[in-house]
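Presented below is the structure to which this report refers.
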Amino acid sequence: MTNRSPFLISALAFGFAFLYVPILLLIVFSFNESKLVTVWGGFSFKWYGELFQDEQLLGAAKISLLIAAMSATLATLLGTMAGLIMARFGRFKGRTLFSGMITAPMVMPEVITGLAILLMFVVLEELTGWPDGRGITTITIAHTTFAMAYVTIVIQSRLSQMDDSVEEAAMDLGARPLKVFFLITLPIIAPALVSGWLLAFTLSLDDLVTTSFAAGPSSSTLPMVVFSSVRLGVTPKINALATIVVGLATLAIVMAGYIMHRQEQQRKRAMQRALAEQDAL
Amino acid sequence: MSQQARSLQDQVARTEKGEASDLLKPLIQIEGVTKSFGDFVAVNNVSLTIYQGELFSLLGGSGCGKTTLLRMLAGFETPTSGRILIDGQDMTRVPPYERPVNMMFQSYALFPHMTVEQNVAFGLKQDGLPRDQVRQRVAEMLDLVELGHLGRRKPHELSGGQRQRVALARALAKRPKVLLLDEPLGALDKKLRERTQLELVNIQENLGITFVVVTHDQEEAMTMSTRVAIMNQGRILQVDTPHAMYEYPNTRFVAEFFGSVNIFEGPLLEDEPGHVVIGCPDLSVPIYVGHGISSREGATVYAAVRPEKIALSKEPPADATYNTATGVVEDIVYLGGESTYLVRLDSGRLVRVDLQNQTRSSEPELTWHDRVHVSWEHSNVVVVTS
């Protein structure tokens, strides 16, 4: 055991407290009997029960999940194409400008992105009649716009790590470029596709600002409903909802970590076996 | 080298001179190929003919253009100018997936998400071969590289040597007319490399497939090839058998790149059809060479003498009019089978001499600070003009 100074220990404690005390408080108060959020009235599951009877909240959650799934899929499709161009097209005139433009939505203030998208929809509707009002479709498009930038970065970095000669080898063995992409490139970058999709999904799920610009009257997402209900006063129901979300996220992370750890172990064992065999020869 | 390879070398030599009745068919014809990337000329006006059944090496340092030339044969790069013919057909602009050649990559480039069997089967499936034939050929190939028992493993479950064999099996599975190998042994450790060299040559001779190997390792090129081309700065300097390359280099660069050598620089004093004499300021006497060269008297030429062709003794040689000098043993490097002696000549010039260690005596006949005479036969000198 190394000797750790009290300073380091307190720095560690303070850092973690800063990150997790608010979330812990939220979880604790989700089991609060009292209607007042800040006053402890005893332990109960009451608010969880009420949560599952709240049609408005449940409906909003459903819409949010639907939009998140659709926009994540679209963003992954578009992001893969953009990432592919960035990683494989080589040098071309305006490459820097192009890559800058892809990542710009990440640093653009969301209010501006949202406003611009709203303007586009309004103009488009006047000119072509589509989209007919704002709703799930427009929110999905708006989310795809900013999520795509993140997916592109994830895919591009994975592609540039990938050994180009693997694709060349496939071509050398007689596969045409399109086949090479589907048989070789895509399976190899699949993990990046999954993490890009999940990233886009979470970004869409908790977006409030851009959504507010693109949403219509019948398409309130979960963050919008939560935000508007909090303005009228926080109910412990929201705490219960948040606790469920935190619980699900934790579960997902633990599971992903476990699977990755097991794969790594298997890989190490296989590698050792191969090396032992080679030495035995 | 097998006898088979030796007779192929002779046949190639006869074909090149055009004197044989059994002329070999050129398999690869590279005609005036140039490849530039922007201002940089990677391959500069290269012409080369490679014959059926050869194990041909492209040898050179990094950036000499050897890999670019190989990639043009595979179809990954298109020549800026010139033509490439394979088996008589113009392949200059044919994409890689339509060429009758396959390549083994330096990084092996195995498909990480496929098993060994699937890797080897990939090319066959692209050709639309029936399933049972694919299975049969895959088994055949894995037996060839002695990996039959590892077919279900993924590449990351294999050692470096096993991966190299999978890459070889995969590249051979389609029975290409030519197999291109980019530094095939570069990633293996020394012991494994030596064993694999011989195996590679055996496989090549048994299958009769023409191999074109890119390497930076002159020893590898020497042990494996029927012929070698030495490249420097995008140009081919010499194409020859390893033996001719070593004994009759045509330039100073080739002499120095292909093995070690002592180069003596000096003006040409006498230029006769049967011999030449070179004045060398590093030696006290001139150098006499037993062959004529095409140069003019007074021109600066280079006399190249291999370290193992120099005699070292405490006694002066019988005839001291040419090809000798005196010096002091400055350093001795013991290499097991032989020892390298570095002799500082009286002129200050360092000469390298390799001597066989024929006895186990720990006290060598010559030791540090001994005054010695270096000398060599006039037939053991090669004169190059550049």
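The values are calculated or read from the model by the stated rules, or taken from the named source; none is laboratory data. Note that the structure is predicted; figures quoted are calculated from it, not measured. Note that we place each Cβ from the backbone using ideal geometry, even for glycine, and neighbour counts take in every protein chain shown.
A few comments on the model shown:
- Residue under evaluation B:Glu194, criteria (1) within 12 Å of chain A (Cβ to nearest Cβ); (2) surrounded by fewer than 23 Cβ atoms within 10 Å (Cβ to Cβ), criterion not met: (1)
- Within region B:120-143, residues that are among the polar types (S, T, N, Q) reach partners that are surrounded by 13 or more Cβ atoms within 10 Å (Cβ to Cβ) and not in a helix (DSSP H, G or I) with beta carbons closer than 9 Å, at six or more positions or on different chains, in the pairs B:Gln126/A:Leu173; B:Gln126/A:Gly174; B:Gln126/A:Ala175; B:Gln126/A:Arg176; B:Gln126/B:Lys174.
- The one condition in (1) in contact (Cβ under 8 Å) with a residue 40 or more places away in the chain; (2) on the phi < 0 side of the Ramachandran plot that B:Gly274 fails to fulfil: (1)
- Members of region B:346-386 found to be closer than 20 Å to B:Pro281 by Cβ, among the charged types (D, E, K, R) and either touching a helix residue (DSSP H, G or I) at 6+ places or on another chain (Cβ under 8 Å) or not assigned by TED's automatic domain parsing to the domain that holds B:Ala320 (or both), listed by number: B:Arg352
- Complete set of residues in region A:237-267 that are facing another protein chain (nearest Cβ under 10 Å) and not polar (S, T, N, Q): A:Arg267
- Within region B:1-57, the set of residues being of a type in the set (Val, Ile, Thr) and farther than 16 Å from B:Ile84 by Cβ comprises B:Val12, B:Thr15, B:Val41.
- Flag if B:Gly123 is within 14 Å of chain A (Cβ to nearest Cβ), out of contact with any Lys or Arg (no Cβ under 6 Å at 6 or more places or on another chain) and among the small types (Gly, Ala, Ser): no
- Helices (runs of 4 or more DSSP H) within region B:147-224 that include 3 or more residues of a type in the set (Asp, Glu): B:190-207
- Residue in region B:325-336 that is modelled with pLDDT under 90, of a type in the set (S, T, N, Q) and more than 33 Å from the chain's Cα centre (by Cα) present: no
- Members of region B:126-135 found to be more than 8 Å from chain A (Cβ to nearest Cβ), outside any loop (DSSP other than H, G, I, E, B) and crowded, with 17+ Cβ neighbours inside 10 Å, listed by number: B:Val134
- Within region B:111-151, the set of residues being in contact with a His (Cβ under 9 Å, 6 or more places away or on another chain) and either of a type in the set (D, E, K, R) or closer than 12 Å to B:Leu168 by Cα (or both) comprises just one member, B:Leu142.
- Unique residue being under 25 Å from B:Met222 (Cα atoms) and outside the structural domain of B:Leu207 (by TED's automatic domain parsing) when the list is B:Phe105, B:Phe56: B:Phe105
- Scanning region A:159-178 for any residue that is small (Gly, Ala, Ser), within 21 Å of A:Met260 (Cβ to Cβ) and under 29 Å from the mean Cα position of the chain (by Cα) turns up nothing.
- Elements of type helices (runs of 4 or more DSSP H) in region A:97-196, at least 3 residues being more than 14 Å from chain B (Cβ to nearest Cβ): A:110-128, A:136-161
- Of all positions in region B:331-345, at least one carries a residue that is farther than 16 Å from B:Lys309 by Cβ, touching a Gly at 6+ places or on another chain (Cβ under 8 Å), surrounded by 16 or more Cβ atoms within 10 Å (Cβ to Cβ) and assigned by TED's automatic domain parsing to the domain that holds B:Gly279.
- Search result, residues across region B:102-120 that are more than 8 Å from chain A (Cβ to nearest Cβ) and not in a loop (DSSP other than H, G, I, E, B): B:Met104, B:Val116, B:Glu117, B:Gln118, B:Asn119, B:Val120
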